[in-house]
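The values are calculated or read from the model by the stated rules, or taken from the named source; none is laboratory data. Model, not experiment: these values are computed from the prediction. Ideal geometry is used to build each Cβ from the backbone, glycine not excepted, and the neighbour counts take in all protein chains shown.
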Protein chains: 2
Amino acid sequence: MLMRSFILLLFVAAFISTSAQNTTTTLHWQVGHADHLTALPEQWVSATVPGAVQLDMANAEKYDPYYYAENWKDYLWMEDKFFVYKTSFQKPYLDSTERLFFVSKGIDYEFEIWLNGRQLLHQEGMFTPVQLDLSALVKEKNEMQVKIYPVPKMHKSPADRSQAAQSVKPAVSYGWDWHPRLVPSGIWDDTYLEVRHASHLRDVWVDYTLDDKLSKADIEIKVEGVQLDQCKMAWELRDARGKAVLQKAAMIHGNNAQFPVEFQQPVLWWPHDHGDPYLYTSVFRLLDREGKLLETHTSKVGFRKVALVMSEGAWNGPDGFPKGRSVAPIQVQINNRNIFAKGTNWVAPEIFPGVIDSARYKELLERALEANFNMLRIWGGCIVNKESFFELCDQLGIMVWEEFPLACNNYLGTPKYLNVLRQESESIIKRVRKHASLAMWCGGNELFNNWSGMTEQSLALRLLNSQCLLLDPKTPFIYTSPVIGMAHGHYVFRDWNDGEEVYARMTRARNTAYTEFGLPAPSSLEVLQTIIPADELWPPKPGTAWESHHAFKAWVGDTWLMQGMIEDYFGKSKDLEELIANGQLLQCEGYKAIYEEARRQKPYCTMALNWCFNEPWPTAANNTLVNWPNIPKPGFYAVSQSCRPFMASAKITKLKWKEGEEFSSDIWLLNDTYSDVASGKINVKLKAGDKELPLLSWDFDAPEANRNLAGPTVRAILPAWEVDRFELIVEVAGHAECTSAYTLLYVPKAKAAQKGTAIMNQ
Amino acid sequence: MLMRSFILLLFVAAFISTSAQNTTTTLHWQVGHADHLTALPEQWVSATVPGAVQLDMANAEKYDPYYYAENWKDYLWMEDKFFVYKTSFQKPYLDSTERLFFVSKGIDYEFEIWLNGRQLLHQEGMFTPVQLDLSALVKEKNEMQVKIYPVPKMHKSPADRSQAAQSVKPAVSYGWDWHPRLVPSGIWDDTYLEVRHASHLRDVWVDYTLDDKLSKADIEIKVEGVQLDQCKMAWELRDARGKAVLQKAAMIHGNNAQFPVEFQQPVLWWPHDHGDPYLYTSVFRLLDREGKLLETHTSKVGFRKVALVMSEGAWNGPDGFPKGRSVAPIQVQINNRNIFAKGTNWVAPEIFPGVIDSARYKELLERALEANFNMLRIWGGCIVNKESFFELCDQLGIMVWEEFPLACNNYLGTPKYLNVLRQESESIIKRVRKHASLAMWCGGNELFNNWSGMTEQSLALRLLNSQCLLLDPKTPFIYTSPVIGMAHGHYVFRDWNDGEEVYARMTRARNTAYTEFGLPAPSSLEVLQTIIPADELWPPKPGTAWESHHAFKAWVGDTWLMQGMIEDYFGKSKDLEELIANGQLLQCEGYKAIYEEARRQKPYCTMALNWCFNEPWPTAANNTLVNWPNIPKPGFYAVSQSCRPFMASAKITKLKWKEGEEFSSDIWLLNDTYSDVASGKINVKLKAGDKELPLLSWDFDAPEANRNLAGPTVRAILPAWEVDRFELIVEVAGHAECTSAYTLLYVPKAKAAQKGTAIMNQ
């Protein structure tokens, strides 16, 4: 066997509710809009909660789907309205020890909550949950309102992402090169009435510190609650089979209590490609002084140590004097092991986060596993995901790089903004820090570049750093991506200005981490047909649904369709199918080049995360691997191949080759595993149609753990073939699962002479 | 007039005590040493407080001066001893409203305080003042002890700066390339008994926020004290002539009170070379409920806004994809004005900080003014200076870059270290933030380089960032020097490896700030004679007092005397005087090259701070401009010339020239002023002995505010001269104060032919 052991256990535990005893009541809501805060809607329509006011209105007024053609424009009028949700409910039976709470895990964005004509809360911020004790205010019949303010805008114009620069709301919905202008509003996470005991829990965090040898966890069970004094706690930790391995019982003193427990030899949590994402279950019982059970709080706990350290060689630079600083550490270490992060940038799976549920997360996260990804960068232009996202990442063993909702703006540190950011970041950190999958915090996207204009002096970023330090010191924090040493881009197969292809560009680069890079491709025909009216489909033109779906004028140049470049390589497309196929081939080969070159640059390089994985609505052309809602492009499968933990790889130098030219390529073995790998044989050949040209056999020695192996360089004069493309195949003898193939373009002499068109890269 | 206005007002106000009413009593101390914490010294000697136990012992045992020859070695045995200070005092008369306090502004480093056999305090940290209420414990006759622990050492060996890596104590005293191993201990700042009213002040901070137009200050008077409830406050702000310009009276509620006051049109504080360092006086009176004066707290207030912003052009990089981040901002802005920081690295003026007083600071700070410096980087290897230092900088208009005491170590974030660092940083920030001269905080020296090994993930640095944000958000903070864009070095005239001279090296460099660069020179004979025994003076040899005083084996290569390089340029020295003169010439010309080239690189470059200004004991050879205690080297005067706000400058390309060679140099006007500057004429000539060769006249237009002017390039074939050096003189007609001259070496043809020795740089 080439690989003697390869652990890839998918551990999918049942979802366990966090509060078992409390009775919850679903509310039925209606919503309407008004022009002023104090006005009441003239009309009420049925509301789905969680959801979005936009979807409720669209449903009531029978709008066509927002993702079709130019329909998104129909929703724009809602941005500046006040929306009011209303519901009514009977007072439930409450005994003398019980309290009635209104709970909402998220209301977007600025809002007021009213009960029976009285204002209970005014809040700015969608990530801070609401927990209101209604007991003293509730009547037999109650009328409740949630008034949603117009979407926050720093200024009236320009009507773009800069309007979001003084709010803690995803900037993406104000319009992006892959996202229409559609700014969601409303109740976006679980919302209900709950009857709680007067003594009840607010939060239970099983915090722990692993010792250097990872053989002992010093657990601190940190409890927050109401009227906990004189209550008792009974806690146990259960292993994956449900067996209690640790127990603790004690009196509780005060509403913020901590209970230390020592845990010897915990089974560690690992990313799926390095071990088992092992999770324990914490069961925390709150009991009254007589021992009666009041509440049970159940949660998952994964034991792991995470750090960002310097990668090999990163301390060597810079050289000579005057001398600057060394680069910033970005090598992820889990349980003291360096892990090469292969993954992607995750964006919101839906424009309206209210409609996202666990199943939606699950299908996409399983797709990410299929791509051999072990890390997701949760890009700061979008939301901080709901709890079920993190629960799934914990279970699936996917590392999460979590960004705060700041992206491509200069978020000035005004007192008002900093206050909301402090509140929101505290809520986010206290929720997400409990998850084993959390690998790092990050202030937001591309904040240290000129299109954003923030710096280390920006108070907002210093605040986030401080908040993470105070609330979650054991998780790394970086200000933004990229920081020194890291890089973003390129986002096209070939640079517009110098004509350099992705192959050469990546070979010149030397970065510690590639945390964004993209290759655009048209979406598949099945997707295009659902978003573009039939009469606009061919040929693609600006000013049509193609443009609304980002095929034209999206970013710079002719992004994202880039028909010109595609046809420069392949000639004029005879139909849409051919254009799609050729564009998707460029995406496949481009992504393979970047992922594999980033991996070759290990150990100095430590990460390859493409831009981007998914999309919140169906685009016509985009860098995504997976079309909305979950339709993989061919590029997805190409990337999946390039991210195999152990694989053969070739360093391609250019896409297009001519008859008689000397072809050459360096052959590598890429190895991110710590498993024992045996020696073996690699056969390299070229394949053109049914013709094969064997180039070389290489008997390789077993590489060391987490080390690549640079092999020989193959060379050959390209013979005369009657094809327009050929393949380089790097075959691992007896191990088809490790074999790689690369598609290249071929120009026979006759055709090259014929052809008048200029080909930039030869 | 070339310069129509040049404001340079030295405003030296009388020192005003911070608590006028309280009676203080000086204590008389004795000190002795013991081997254990619980043991008492067998012998007691008289102690000077503030001071150092080492000096007391040396005094008692009649040691020769520690700075002479190898005498510093005599002090090493004291490092691992416990030292005990003792004093006795009579209980003073206290009426029912009075309290007796023991006050010490600083005890170095870990210590206990005992009164009458009872332990009152155990503290680690020299920067946190002690204020102990003795009232309930004091008898008629009292015995007090301060027990000092051995100097902190993280490990026994190596016995170097790394021993300081878990303490908040200056690392320099553990040995540096310009500091002997001499680790001070003991009471190092003012220490006394004080009778206070039961209601008394702990701190008064006149905090303020200037509006964008600098026309209004929103003052918050922030008061901390004891038993302040029911007291009254009466506050006034006096202008520089003593006239009250603002008043406020109010009741005080609670022991942490804030009083807002609006101040229209404050006169702003400026660095001395940009305006008047204008200071107001805050007089805060604490009154009891009947209006009786209890205490007066007087302090200086300078109104200024400080920021670190991106310098011009700094947002342009980096170019292309994959793209990293832009550099970090380091352009100092005072009152919205970009200021080119010309200055130096300040190190401790004394090995034993206990002996530093205001007069000692004053003579050195006035020396810094003489050098045309407007900024001092308070290097993190040394102490945070005493209050009088900052008071003088406020008065003199010198900006202070204040570092925390971390340097060239990996200060691991263990819980114990972080606790001490939290306490010490809070004390430091709360004291220093009140000073107008404070321009920025910095985590420490060269922490992001491989000889230190810290990164953005280091909890100690994240803690300092967080502390500064929470306690002093209006002052910039950087993690270390250098951060991205900045650079340190070079520290020699010519690189050992590639032979590149400082001229070429600096021309190749492109940095936002040069915050350390050095050129070594031997000290003057008068200094050398006080530290090196006469029989060791000539020739200098390793293993003698020369080595102890850093002439040999100090840093890399043959630092810091570098006799080989000096003689490579000038030939073998016939005596010590000649060696000194030649070495000092290299320092002069090297420093001029760096300061002036850094200034030419404005506006992208924003700072030039050499390594270093002063020294804590007399070195035999060092990069310093001023020998201990305050003896300028010739290099000091050269630097002073290169830092004139408005001056002519030449870009020199190399030091040594040959007869017949084409000499060339770019001519510049350097202008850091915002004053109106008139047009004028520059005459450039070469001067060799009594021969002059006029090269060019340049009629220049008045440069814009804070803009340099690139002038013409002069060229000339060097004629036959009978000299070994010549001068390039760039004369501003009618303004000798703006004229510059550069010394260059000359090789006549005959001599060049004769000479067999290789000259690396020609």
Q.
Restricting to the range A:661-685, count the residues that are surrounded by fewer than 22 Cβ atoms within 10 Å (Cβ to Cβ), at pLDDT below 95 and part of a strand (DSSP E or B).
A. 0
Q) Does the range A:342-358 contain any residue that is more than 20 Å from A:Ser173 (Cα to Cα) and among the hydrophobic types (A, V, I, L, M, F, W, C)? A) no
Q) Just one of B:Ala47, B:Ala34, B:Ala58 is in contact with a strand residue (DSSP E or B) (Cβ under 7 Å, 6 or more places away or on another chain) and buried (at least 17 other Cβ atoms within 10 Å of the Cβ); which is it? A) B:Ala47
(Q) Against the definition (of a type outside the set (Phe, Trp, Tyr), more than 15 Å from the chain's Cα centre (by Cα), modelled with pLDDT of 95 or more and under 30 Å from A:Arg510 (Cβ atoms)), how does A:Met310 come out, yes or no? (A) yes
(Q) Among (1) more than 14 Å from chain A (Cβ to nearest Cβ); (2) more than 21 Å from B:Trp379 (Cβ to Cβ), there is one condition B:Glu424 misses while meeting the rest; what is its number? (A) (2)
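Conditions tested, residue by residue: (1) outside any loop (DSSP other than H, G, I, E, B); (2) among the basic types (Lys, Arg); (3) crowded, with 24+ Cβ neighbours inside 10 Å; (4) touching a Ser or Thr at 6+ places or on another chain (Cβ under 6 Å).
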| site | (1), (2), (3), (4) |
| --- | --- |
| A:Tyr595 | yes, no, yes, yes |
| A:Ala608 | yes, no, yes, no |
| A:Glu615 | no, no, yes, yes |
| A:Lys654 | no, yes, no, no |
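What residue, among those in the range A:420-477 that are among the acidic types (Asp, Glu) and buried (at least 22 other Cβ atoms within 10 Å of the Cβ), is nearest to B:Gln331 (Cα to Cα)?
Let us first name the residues in the range A:420-477 that are among the acidic types (Asp, Glu), namely A:424, A:426, A:446, A:456, A:472.
Of the ones still in play, those that are also buried (at least 22 other Cβ atoms within 10 Å of the Cβ) are A:424, A:446, A:456.
Working: A:Glu424: 32, A:Glu446: 21, A:Glu456: 13 Å.
Residue satisfying both the conditions and the ranking: A:Glu456.
For A:Lys572, state whether it is among the basic types (Lys, Arg) and in contact with a Ser or Thr (Cβ under 9 Å, 6 or more places away or on another chain). Give the derivation first.
Values: among the basic types (Lys, Arg): yes; in contact with a Ser or Thr (Cβ under 9 Å, 6 or more places away or on another chain): no.
Criteria not met by A:Lys572.
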Q | Residue list for the range A:722-735, filter: crowded, with 17+ Cβ neighbours inside 10 Å and in a loop (DSSP other than H, G, I, E, B) | A | A:His735
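Please verify whether the range A:314-321 includes one or more residues that are over 28 Å from A:Thr515 (Cα atoms) and within 14 Å of chain B (Cβ to nearest Cβ). Please lay out each step first, then the result.
Of the residues in the range A:314-321, the ones over 28 Å from A:Thr515 (Cα atoms) are A:320-321.
This time we only want the ones that are within 14 Å of chain B (Cβ to nearest Cβ), so: A:320-321.
Checked against the condition, which is being over 28 Å from A:Thr515 (Cα atoms) and within 14 Å of chain B (Cβ to nearest Cβ), the range A:314-321 yields at least one hit.
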Q) Which residue pairs have Cβ atoms closer than 8 Å, lie 6 or more positions apart in sequence or on different chains, and pair a first residue in the range A:409-424 that is under 14 Å from A:Arg462 (Cβ atoms) and outside the structural domain of A:Ala164 (by TED's automatic domain parsing) with a second residue that is part of a helix (DSSP H, G or I) and of a type in the set (S, T, N, Q)? A) A:Arg422/A:Gln467
**Q.** Residue among B:Ile351, B:Ile334, B:Ile383 that is out of contact with any Asp or Glu (no Cβ under 6 Å at 6 or more places or on another chain) and either within 14 Å of chain A (Cβ to nearest Cβ) or more than 30 Å from B:Ala47 (Cα to Cα) (or both)
**A.** B:Ile334
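Which is hydrophobic (A, V, I, L, M, F, W, C) and in a loop (DSSP other than H, G, I, E, B), of B:Ala716, B:Ala648, B:Ala710, B:Ala702? Write out each step before concluding.
Working: B:Ala716 fails: in a loop (DSSP other than H, G, I, E, B); B:Ala648 fails: in a loop (DSSP other than H, G, I, E, B); B:Ala710 fails: in a loop (DSSP other than H, G, I, E, B).
Step by step, each of B:Ala716, B:Ala648, B:Ala710, B:Ala702 is checked, and only B:Ala702 is hydrophobic (A, V, I, L, M, F, W, C) and in a loop (DSSP other than H, G, I, E, B).
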Q.
Go through (1) away from chain B (no Cβ under 14 Å); (2) assigned to a helix (DSSP H, G or I); (3) touching a Ser or Thr at 6+ places or on another chain (Cβ under 8 Å) for A:Asn409 and report which single condition fails.
A. (2)
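Is it the case, given these coordinates, that A:Lys658 is in contact (Cβ under 8 Å) with a residue 24 or more places away in the chain, more than 30 Å from A:Leu369 (Cα to Cα) and either crowded, with 20+ Cβ neighbours inside 10 Å or assigned by TED's automatic domain parsing to the domain that holds A:Glu731 (or both)? Let's see the steps before the verdict.
Details: in contact (Cβ under 8 Å) with a residue 24 or more places away in the chain: yes; more than 30 Å from A:Leu369 (Cα to Cα): yes; either crowded, with 20+ Cβ neighbours inside 10 Å or assigned by TED's automatic domain parsing to the domain that holds A:Glu731 (or both): yes.
Here the answer is yes, as A:Lys658 does meet what is asked.
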(Q) Tell me which strands (runs of 3 or more DSSP E) are completely within the range B:436-522 and hold 1 or more residues being facing chain A (nearest Cβ under 7 Å) and either among the small types (Gly, Ala, Ser) or touching a Gly at 6+ places or on another chain (Cβ under 7 Å) (or both), or say none if there are none. (A) B:486-488
Q: Considering only residues that are assigned to a loop (DSSP other than H, G, I, E, B) and not basic (Lys, Arg), look in the range B:299-313 and name the one that is farthest from the other protein chains (Cβ to nearest Cβ).
A: B:Gly302
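Are any residues in the range B:329-339 out of contact with any strand residue (DSSP E or B) (no Cβ under 7 Å at 6 or more places or on another chain) and not charged (D, E, K, R), and if so, which ones?
B:Asn336, the sole residue that qualifies.
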Q. Got at least one residue in the range B:580-589 being in contact with a Gly (Cβ under 7 Å, 6 or more places away or on another chain), part of a helix (DSSP H, G or I), surrounded by fewer than 24 Cβ atoms within 10 Å (Cβ to Cβ) and of a type in the set (A, V, I, L, M, F, W, C)?
A. yes
Q.
Among the numbered criteria (1) within 17 Å of A:Lys651 (Cβ to Cβ); (2) surrounded by 12 or more Cβ atoms within 10 Å (Cβ to Cβ), which one does A:Ala688 miss?
A. (1)
Q: All but one of (1) surrounded by fewer than 24 Cβ atoms within 10 Å (Cβ to Cβ); (2) closer than 16 Å to B:Ile378 by Cβ; (3) more than 8 Å from every other protein chain (Cβ to nearest Cβ) hold for B:Pro415, so report the exception by its number.
A: (2)
**Q.** A:Met154 out of contact with any Gly (no Cβ under 7 Å at 6 or more places or on another chain) and touching a residue at least 40 places away in the same chain (Cβ under 8 Å)
**A.** no
Q.
For the range B:73-93, give me each residue that is touching a residue at least 40 places away in the same chain (Cβ under 8 Å) and surrounded by 15 or more Cβ atoms within 10 Å (Cβ to Cβ).
A. B:Tyr75, B:Met78, B:Glu79, B:Lys81, B:Phe82, B:Phe83, B:Val84, B:Tyr85, B:Lys86, B:Thr87, B:Phe89
Q.
Looking at (1) within 26 Å of A:Ile219 (Cα to Cα); (2) without any contact (Cβ under 8 Å) to a residue 60 or more places away in the chain; (3) hydroxyl-bearing (Ser, Thr, Tyr), which one does A:Thr298 not meet, given that it meets all the others?
A. (2)
